């Protein structure tokens, strides 16, 4: 590809690189070039939130970001949320509280909630609702997702407390 651009980034802790067209989105880079299909593509307009990933720790709509804009960035996808073979406390909480049904929107929710809980380990209900307002689920309704976020926050606080005493 003579018109391709070289992109280097760290994805889920691993240095990666690719040659992409200038118009390639971060979502397409992750899915098509790097094989990380946990990042879903929904509306392709940044409205639904299913393509949310963390870019340098910030929840970002990967359908709106060009791959070249992510050059040099640290990207976390749903595949990198937990250690291999395990679940992150947010994933555990979503499973336990039935915060998912078809699962299409779930990766975006998990990463948006991750950013929230890293910044605020005990968020107020209004804050949680504000973050959830940027994600669309067409299956569950949001009550089970709200319960999942509260359970995830409690799990993460307990883990932090245990780590602090270790």
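The values are calculated or read from the model by the stated rules, or taken from the named source; none is laboratory data. Model, not experiment: these values are computed from the prediction. Note: ideal-geometry Cβ built from the backbone for every residue, glycine included; neighbour counts use all protein chains shown.
Using the structure shown, decide if residue 63 is within 9 Å of the chain's Cα centre (by Cα), within 23 Å of residue 21 (Cβ to Cβ) and not assigned by TED's automatic domain parsing to the domain that holds residue 155. Judged against the criteria, residue 63 is not a match.
Right, residue 151: assigned to a helix (DSSP H, G or I) and either assigned by TED's automatic domain parsing to the domain that holds residue 41 or at pLDDT below 95 (or both) or not? Outline the logic, then answer.
Working: assigned to a helix (DSSP H, G or I): yes; either assigned by TED's automatic domain parsing to the domain that holds residue 41 or at pLDDT below 95 (or both): no.
No: the conditions fail for residue 151.
When each of 137, 102 is tested for being at pLDDT below 95 and buried (at least 21 other Cβ atoms within 10 Å of the Cβ), the lone residue that passes is 137.
Please determine whether any residue of the range 136-143 is under 16 Å from the mean Cα position of the chain (by Cα) and not in a loop (DSSP other than H, G, I, E, B). No, the conditions are met nowhere in the range 136-143.
For the range 93-106, check the following and say yes or no: at least one residue is closer than 30 Å to residue 20 by Cβ and in a helix (DSSP H, G or I). Among the residues of the range 93-106, at least one is closer than 30 Å to residue 20 by Cβ and in a helix (DSSP H, G or I), which makes the answer yes.
Within the range 37-60, take every residue that is more than 23 Å from residue 138 (Cβ to Cβ) and crowded, with 19+ Cβ neighbours inside 10 Å and give me the one that is farthest from the chain's Cα centre (by Cα). So the residue we want is 55. Consider residue 130 against the criteria (1) more than 22 Å from residue 18 (Cβ to Cβ); (2) part of a loop (DSSP other than H, G, I, E, B); (3) over 13 Å from the mean Cα position of the chain (by Cα): it satisfies all of them except one. Which criterion is unmet? Condition (2) is where residue 130 drops out. Selection of the range 114-127 for residues being in a helix (DSSP H, G or I) and surrounded by 11 or more Cβ atoms within 10 Å (Cβ to Cβ) yields 114, 115, 116, 117, 118, 119, 127.
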